[in-house]
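The values are calculated or read from the model by the stated rules, or taken from the named source; none is laboratory data. Predicted, not measured: the structure shown is a model, and the values here were computed from it. Here the Cβ positions follow ideal geometry from the backbone for every residue, glycine too, while neighbour counts run over all protein chains shown. These area figures cover heavy atoms from the full protein model, side chains too; ligands, DNA and RNA do not enter into them. Shrake-Rupley method; radii C 1.70, N 1.55, O 1.52, S 1.80 Å.
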Amino acid sequence: YTERLVREGVVTQDWVKQRREAYRAQLEQGYAIAQAGQSKFQIQELAPVEESSLPAYCPRTAVTREAIEKVIRGITTLPADFRLHPRLKPFLERRRRVLDGAPVDWATAEALAFGTLVLEGTPVRLSGQDSSRGTFSQRHLALFDYEDGHEYIPLQHLDPAQARFEVWDSSLSEYAVLGFEFGYSVGDPLTLTIWEAQFGDFANGAQIMIDQFITCSEVKWGQPSGLVMLLPHGYEGQGPEHSSARIERFLSLTAENNIQLVNCTTPAQYFHVLRRQMYGGPDRRGIRKPLIIFTPKSLLRHPKVVSPIEEFTRGSFQPVLDDPGVAAPERVMRLMLCSGKIFWELDGRRSELGLDNVAIVRLEQLYPFPEAELWEILGRYPSRAEVVWVQEEPRNMGAWRFVRERLDPMLAPSGRSLKYVGRPDSAAPATGSYRQHLEEQEAILQEALRLGSLPRLRRLRIRKRA
């Protein structure tokens, strides 16, 4: 390539020689520093965002109602000559209802996080296979004129002084695109850089980037990154390649506060953790740690998975959510711990059965493991209550083994150990049969809410056709 550039007169041979010598000198200098023991660096510790300790120059993760209203108006107001597709009119109308006090769904909470960040001067960049529309048609960050097809991105037009907002539909080359976005997060640490997999399983194609760069660049080279990965995860009968973001793989890579693993269950939690990424570091200017968020699919339109405006104008991200529906903690006989979508199924079935002696606690952040917050919540419930971990994933996957290793020592003084409810061990993440999926999911709910004994969940098989 060098010879071709010289031959075409783009560069000279002397210029190439100088560049090579300068680069080799730079490497030799770095090697000498490392050998002298001068290359030690301080690994950044994660710290909670406390409103009282925030300096004046740093925004909170919570925002004002005025900011929310400005973003909602901006993302629902289009140019006079823009012809919106008729099917998208109800979508914008639902978002406008937030101005009248309607609760906020998942995609709107995300747009609020993006919009408030750019209004505050923080650029936002999102890429993925179908990111502008959203894989589940939930996002619609980019709109296209119904007649001539020209593009309009409302989040780019909130205010003349706002920061840059970009959304890119990238190719199905996860290895290349995730590598590029990791580099972008390193080169521009003041931008919230996000990569989204179409389904969480698709991160498989970028495993080398995850293993060799994203999870360990700081400990290997002192190179931090604040990259965010959105990985849709949840068991809805869509088969083994569209169910699991492989939570267990990411958990096996955790150590030394290297990454953050989050599985939010409410839109407000998602909003706060996105903003925390830019405002939650020790210097209140950002967490330079990769953030992996296991995002929902069916919950994007679940009628109960909404948050009131008040949860955006106050508070912050909570790594553990206690059960708000338990009026008398002292009566609880079973304390269920879970993470992600399964909470809403457990909560719905508990309500159907009218059980008031079962509590459901959500681990919203799996790593760094929120031991102190969990200790405090466990202390609310009787020491005689059995503690159960409930998950959708097979026993050899998901967070079960990671959580058990940390919770068993916490429960040991009371003579208890963590019990398991979920699918049995499996070589594949999920069944390919929707009917079998429903049977397995029903068995998990029945076992989780059956007080007393905990019979082992049998392996369900597909019956062969006659």
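The figure for LYS419 is an accessible area of roughly 70 square angstrom, using a 1.4 Å probe on the protein chains alone. Checking the table LYS220/LYS304; LYS220/LYS419; LYS304/LYS419; LYS289/LYS341; LYS89/LYS289; LYS220/LYS297 against a 32 Å threshold on Cα-Cα, which pairs fail? Violating the 32 Å Cα-Cα cut-off are LYS220/LYS304; LYS220/LYS419; LYS89/LYS289; LYS220/LYS297. Taking GluC sites (Glu not before Pro) across region 139-184, the ones in a DSSP loop with at most 14 further Cβ atoms lying within 10 angstrom of their Cβ are GLU147. With just the Cα atoms defining each centre, how far is region 198-227 from region 252-268? Give it in Å. The two parts, judged by their Cα centres, are 13 Å apart.
Each part reduced to its alpha carbon centroid, region 126-140 and region 340-389 end up 32 Å apart.
Across region 296-308, rounded Karplus estimates of 3J(HN,Hα) from the backbone phi angles (6.51 cos²θ - 1.76 cosθ + 1.60, θ = phi - 60°) give x, 10, 5, 6, 4, 10, 5, x, 8, 8, 9, 10, x Hz, Gly and Pro being marked x.
Calculated translational diffusion coefficient of the chain (4 °C, 1.567 mPa s; Stokes-Einstein with Kirkwood radius over alpha-carbon pairs) equals 53 µm²/s. Assuming R0 = 41 Å, what is the FRET efficiency of TRP15 and ALA176, from their Cβ-Cβ distance, to the nearest 0.05? Efficiency, from the Cβ-Cβ distance: 0.85.
Accessible surface ranking for GLU393, GLU376, GLU69, 1.4 angstrom probe, highest first: GLU376, GLU69, GLU393. Rounded to the nearest 10 square angstrom, TYR146 shows an accessible area of 130 square angstrom against a 1.4 Å probe. Estimated at 0.36 nm per residue, the fully extended path between HIS157 and ARG24 surpasses their Cα-Cα distance by 43.3 nm.
Note that region 164-180 has calculated 3J(HN,Hα) couplings of 6, 10, 10, 9, 10, 8, 9, 6, 7, 10, 4, 4, 6, 5, 5, x, 5 Hz, one per residue in order, obtained from phi through the Karplus relation 6.51 cos²θ - 1.76 cosθ + 1.60 (θ = phi - 60°); glycine and proline are x.
Averaged per residue, region 324-459 has 43 square angstrom of accessible surface, using a 1.4 angstrom probe with ligands and nucleic acids left out. Residues in region 120-137 carry Karplus couplings, in order, of 8, x, 9, x, 10, 10, 10, 9, x, 4, 9, 6, 5, 7, x, 3, 9, 6 Hz; the curve used is 6.51 cos²θ - 1.76 cosθ + 1.60 with θ = phi - 60°, and Gly or Pro positions show x. Estimated from helices alone, the mean residue ellipticity of the chain at 222 nm is -10000 deg cm²/dmol (sum of -39500 (n - 2.57) over DSSP H runs with n ≥ 4, per residue). Net charge within 11 Å of HIS150 by Cβ-Cβ distance, Lys/Arg positive one each and Asp/Glu negative one each, not counting HIS150 itself? Overall, the nearby charge balance is -4. Counting only protein chain heavy atoms and rolling a 1.4 Å probe, the accessible areas of LYS17, LYS289 rank, largest first, as LYS17, LYS289. Taking every protein chain into account, the 1.4 Å probe leaves ASP201 with about 10 Å² of accessible area, to the nearest ten. Residue order by solvent-accessible surface for GLU352, GLU8, GLU248, GLU373 is GLU352, GLU8, GLU373, GLU248, largest first, with ligands and nucleic acids left out and a 1.4 Å probe.
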